[in-house]
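The values are calculated or read from the model by the stated rules, or taken from the named source; none is laboratory data. Here the structure is a predicted model, which is why all the values come from computation and not from measurement. Here the Cβ positions follow ideal geometry from the backbone for every residue, glycine too, while neighbour counts run over all protein chains shown.
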């Protein structure tokens, strides 16, 4: 579902290449869906290992980012983080392929909540909840599980280039009441959702460009970060709560962690407050990534946009 109704394919001509891409995606997803979960996750981990070797450009971006974020770690430590990240991404791919068949009871065998009371307390205020999240852990599975447990939410996403794949992926995401808010309808969709007292998750860890993004510290390096969440929260009074579905190696399962509501700066100066609050949100993201460094998407060029006059990082 979208914010205004069923997910629809964008009205545009579909090319032969897009059709073939869709068929390949459909076959892959359904091929992994019918396998036992353990076997599928083993295959997913294998896909991750192969990708680590073959996708050299992405691996190099990950290596650069890890050096930037963790200059105190040695090369072997950073390599180990990156290899585990690829394994976790393979697992995430598998979970996405399989989650269409999950029931609440089945999923609860390998997922548990922690801090759910923080989310419920924020939700019950009635002014809407913005879930601060990122490409950390099993982000696709997190909102899906939350909807399985009777708490559907909105998701701010970027449209995929292939409209057939975009519609197919969104159909899976929204099976249990979730809804999609596209980035090209970001502000209006978010404000409407908050005024209706709804919940929306926002992946706030991607590179942006001004004026949508502002520069705030991220691992000690200025990073152009989306200020939209801060602006919407300031305008609507919505609660901002961090939420991440993280793999716990010791438990051998995922934990959907909700942190306490984030206290925001409110001096009355809209622009200064939006920058200050964006910095606060980014610091929260960094804290979770530091705690689970092998579960973040390091191959994204997070620091691509640079302040005027500064040399490019990549």
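Structure data summary
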| item | result |
| --- | --- |
| Top-ranked residue in the range 9-32 [being at pLDDT below 90 and in contact with a helix residue (DSSP H, G or I) (Cβ under 7 Å, 6 or more places away or on another chain); ranked as farthest from residue 109 (Cα to Cα)] | 12 |
| Search result, residues across the range 257-268 that are out of contact with any helix residue (DSSP H, G or I) (no Cβ under 6 Å at 6 or more places or on another chain) and outside any loop (DSSP other than H, G, I, E, B) | 257 |
| Check on residue 250, exposed (fewer than 15 other Cβ atoms within 10 Å of the Cβ) and not in a strand (DSSP E or B) | yes |
| Answer from 218, 244, 186, 258 - the residue that is more than 22 Å from residue 143 (Cβ to Cβ), buried (at least 17 other Cβ atoms within 10 Å of the Cβ) and in contact (Cβ under 8 Å) with a residue 12 or more places away in the chain | 218 |
| Of the criteria (1) touching a helix residue (DSSP H, G or I) at 6+ places or on another chain (Cβ under 8 Å); (2) part of a helix (DSSP H, G or I), which one residue 35 fails | (2) |
| Where residue 115 falls short, out of the listed (1) buried (at least 16 other Cβ atoms within 10 Å of the Cβ); (2) farther than 30 Å from residue 22 by Cα; (3) in contact with a helix residue (DSSP H, G or I) (Cβ under 9 Å, 6 or more places away or on another chain) | (3) |
| Failed item, numbered, when residue 235 is tested on (1) assigned to a strand (DSSP E or B); (2) surrounded by fewer than 19 Cβ atoms within 10 Å (Cβ to Cβ) | (1) |
| Residue within the range 154-167 that is assigned to a helix (DSSP H, G or I) and without any contact (Cβ under 8 Å) to a residue 40 or more places away in the chain present | no |
| Filtered residues of the range 94-106 (kept if crowded, with 20+ Cβ neighbours inside 10 Å and in contact (Cβ under 8 Å) with a residue 60 or more places away in the chain) | 94, 96, 97, 98, 99 |
| Residue list for the range 285-295, filter: buried (at least 17 other Cβ atoms within 10 Å of the Cβ) and within 27 Å of residue 234 (Cβ to Cβ) | 285, 286, 288, 289 |
| Residues satisfying the stated conditions in the range 59-82, i.e. surrounded by fewer than 16 Cβ atoms within 10 Å (Cβ to Cβ) and part of a helix (DSSP H, G or I) | 60, 67, 75, 76, 77, 80 |
| Considering residues of the range 136-151 that are part of a loop (DSSP other than H, G, I, E, B) and in contact with a strand residue (DSSP E or B) (Cβ under 6 Å, 6 or more places away or on another chain) only, the residue nearest to residue 41 (Cα to Cα) | 138 |
